[in-house]
Amino acid sequence: MDPLSELAIEVLKKGPHDGPTIDAFMKSHSFPLVEGGKVTFCFRGQVDGVHLKSWVYGLPNSQPLHHLSDSDLWHLTLDIPPKSRVEYKFEIVRNGNGHWIEDPLNPFRATDPFGANSVVHGEGYSIPEWTQVDPDARPGTLEPWVVKSKAFNDTRGFLVYLPARFRKTRRYPLLFVHDGPDYVRFANLKTVLDNLIHRLEIPDLVVALTGSPNRIGEYADDERHARYVTEEAIPDLEARLPLIGQPRGRCLMGASFGGVASLSTAVRYPGFYGRLLLQSGSFAFSDIGHQNKRGPAFEPVVKFMNRFRENPVLVADKAFISCGMHESLIYENRSLIPMLQTTQLELKYVEARDGHNWENWRDRLREGLSWLFPGPLRMVYE
Amino acid sequence: MRGALLGPQQLKVSLGDAVSAIGREGPIALVTCGWQEREDQDEDLPSQLGRKTINLKLYERGEQVLAADKVFAKAHRARQDQLRQIQEFYRLRLERTFDAALAISRKAAGTDLEADELRLSMEQVRRIDQEHLERVSALREAHELQVRPMERPVIAKHREELKKILSNVGILAVAGGHVAVLMNRLRMFGVKDLLNDHALVAWSGGAMVTGERVVLFHESPPEGFGISEVLEQGIGLHSGVLPLPNPRLRLKLDEPLRVGWLSKRYAPDKCVAMDQGDFVQFDGEKWFGEEGTILLKTDGTVGTGWTH
């Protein structure tokens, strides 16, 4: 955008605000209006107030839209840096009551286990094409898997991704994914695996897409979880599938609490895992005492992180860590990096202008997976 | 040996022209094991080469060997694991040395030390490459001494069949694909020693593995900065040229620093980029007919007419 050109909303504000003028304005633009580093959110309707609800660390969670006088148009312009992705909702206020809705003018939405949000793409952001189905990429298969767990005294079922050209005579690395079904559903993980394998950017991988009936409890440095993964699930997979079965062929992956589960499991079993992929890990800690402001669910996390920070040990050969700049956990993740570097861990850390959400985690998968498991792209010259 | 090296053939097929230029009559023996499981999907090649073809099926033969000879298979896997590890360590060493070279070149820029530091950095990288090559070769030799592949009955049987096929053809055509698989299968069956007066037509990865040194390269891989790396010694059917197929995808020919480094690093071999359909011929002593191919020069520029 030409820095001297005026924002569309500013031009509109100068002219008449009658119905036909607003109609023409709405018809001639798509919303939110992205103009360089400025994004203008608009809502049209007879309401008492509209608030932008977003989860950008450093900005207020709620910001009022301004009412364009003599009209039913509400608007708010924010600075949104290029290549950003921001998820948001509108709170519509009528008769003193507010309710949250997706932006009716915005076709882009992101889903997660709690529902959906509208998404605004800052200038220069586009949905990576490798996250979308490629008809040339042969799809892998998802096989059901069941493991009896003494650690949890129950039976755990999950899905195992086998690459399209899976052969029993080969040996594959294993990627063990926490919140696997959510990764598939909200971060297109299966499509991403199919595509990256097809493009030779990662090798053929076997992927355990595991879940938990109580992730907040079990993923927060629960000894039983680490035992289940390391002494039960992975040995069972390695016994029944042609896996490499060595640290370099074992990777733990997870986002948010799944990141904590991955790190804490690796800490409990040093030398067993060779790779870690941690996204927006909920690595809460305290510098004095074990108090934390994030709530009781984080208490075991804080204890674990404080212990780990006291004595950081080498837990894997390589780790890829990513976090969104728009999430409050950026502080904890940034703090983790220099500490891990002291352990001689080979580390790649990436920040994105995004929040604590599945599409952020989706968009970092290519860089993370291809760094941890470089594919045969360098080996294949057709 | 005489022959032709070609760039990729997906978008512009020049195999027929290359075969015509070589002028050798008769059917052609095919190596498509770089395509792995798709090895037998070679139905387009007879018309593209303009000759009857006989696929040596080295991939399939290799799988049969590994299934039939468990002792060999175990030793083969163990060696592959070692090679992978050595390659990873070499890559780490290389990355750190490159990081140091970049940092030093920034600090030394404009000073009297600049040229000397650059030369030292280059020497270090070339030494790391050379040591890696020697290490991998020593590992291969030790493996061959230990398992004596050519003397193993199942391999000897396949070699007899291959020898018979090769005695009835005048040209060996080596397609691209996975270069490590190509190398493994060509070595497993000792194909080089089965050749007599054959001519070679090799494209893309096939051109790379049939040279004296196999160099892996991709200057914009998804995982970050792409530093080329030596894989191992090639089969050695041609010498003096390091083929770099598909430069549009894999090289940054408009970046003089990268071009110059690549060229100096692999000297005295000539780094020659070959795009779709480009090819160059050789007769064992000279290279000629290089139309379309591009030479990477030590001063960071690129040029044509390099065989003159």
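Laboratory data are not the source of any read-out in this text; all were calculated from the coordinates shown. Predicted model, so just to flag it, every value in this text is computed and none were measured. FYI the Cβ positions are ideal-geometry reconstructions off the backbone, even for glycines, and counts take in every protein chain you see.
Points to keep in mind about this one:
- Helix B:58-68 and the longest principal axis of the Cα set of chain B meet at an angle near 70°.
- Of A:F283, A:W371, A:Q46, farthest towards positive along the dipole that unit charges on Lys, Arg, Asp, Glu beta carbons give chain A: A:W371
- Candidates A:G355, A:G281, A:G289: whichever shows maximal mean-square fluctuation once chain A is modelled as a Gaussian network with Cα springs under 10 Å: A:G289
- P(r) tail for segment A:182-278: Cα pairs beyond 16 Å make up 58% of the total.
- Think of chain B as having a plus end and a minus end, set by charges on the Cβ of Lys, Arg, Asp and Glu; of B:Q41, B:A273, B:G190, B:G190 sits farthest toward the positive end of this dipole.
- Debye, to nearest 20: dipole size of the protein assembly as shown, +1 on Lys, Arg Cβ, -1 on Asp, Glu Cβ: 2060
- Distant alpha-carbon pairs in segment B:155-205 (separation over 16 angstrom), percent: 43
- Alpha-carbon Debye profile of segment B:120-223, log10 I(q)/I(0) at 0.11, 0.15, 0.18 Å⁻¹: -0.46, -0.81, -1.05
- Mean separation of Cα pairs under 8 Å and 6 or more residues apart, divided by the residue count, gives chain A a relative contact order of 13 percent.
- From largest to smallest, the equivalent ellipsoid semi-axes obtained for chain B from the alpha-carbon gyration tensor read 34, 25, 15 Å.
- The residue list A:V302, A:W130, A:F176 was ranked by how far each Cα lies along the charge dipole of segment A:129-378 toward its positive end, using unit charges on Cβ atoms, and A:F176 comes out on top.
- Applied to segment B:172-181, the Karplus parametrisation 6.51 cos²θ - 1.76 cosθ + 1.60 on θ = phi - 60° returns per-residue 3J(HN,Hα) values of 9, 10, 10, 7, x, x, 6, 5, 5, 5 Hz, with x for Gly and Pro.
- Values of log10 I(q)/I(0), in the order q = 0.09, 0.14, 0.19 Å⁻¹, for segment B:191-308 under a Debye, Cα-only, solvent-free model: -0.23, -0.56, -1.03
- Equivalent-ellipsoid semi-axes of the protein assembly as shown, from the Cα gyration tensor, Å, largest first: 52, 33, 25
- Fewest-first sequence of B:M1, A:M339, B:M208 by Cβ atoms within 10 Å of each Cβ: A:M339, B:M1, B:M208
- Structure note, pairs A:K168/B:K252; A:K318/B:K12; A:K83/B:K252; B:K12/B:K57; B:K12/B:K297; A:K348/B:K192: Cα-Cα distances above 31 angstrom occur for A:K168/B:K252; A:K318/B:K12; A:K348/B:K192.
- log10 of Debye I(q)/I(0), alpha-carbon scatterers only, for segment A:129-378 at 0.09, 0.11, 0.13 Å⁻¹: -0.35, -0.53, -0.76
- Centroid-to-centroid separation of segment A:1-51 and segment A:127-205 [C-alpha atoms, Å]: 44
- Where only alpha carbons of segment A:43-97 are counted, the Rg and the Dmax (Å): 12.3, 38
- Note on A:V301, A:V11: ascending count of other Cβ atoms within 10 Å places them as A:V11, A:V301, the fewest first.
- For chain A, the share of DSSP beta bridges that are antiparallel, to the nearest 5, is 65%.
- Computed over segment A:8-121, the percent of Cα pairs more than 20 Å apart is 40.
- Segment A:236-294 and segment B:198-262 have Cα centres separated by 38 Å.
- Convex hull of Cα atoms in segment A:166-236, direction-averaged projection (nm²): 5.7
- When B:T111, B:T32 are sorted by how many other C-beta atoms sit within 10 angstrom of their C-beta, beginning with the fewest, the order is B:T111, B:T32.
- Separation of segment B:12-65 and segment A:331-371, taken as the distance between their Cα centroids, equals 46 angstrom.
- In a reduced charge model with +1 at each Lys and Arg Cβ and -1 at each Asp and Glu Cβ, segment B:239-308 shows a dipole moment near 340 debye about its Cα centre.
- Charge dipole of segment A:235-358 (Cα centre as origin; +1 on each Lys and Arg Cβ, -1 on each Asp and Glu Cβ, all else neutral): 120 debye, rounded to the nearest 20.
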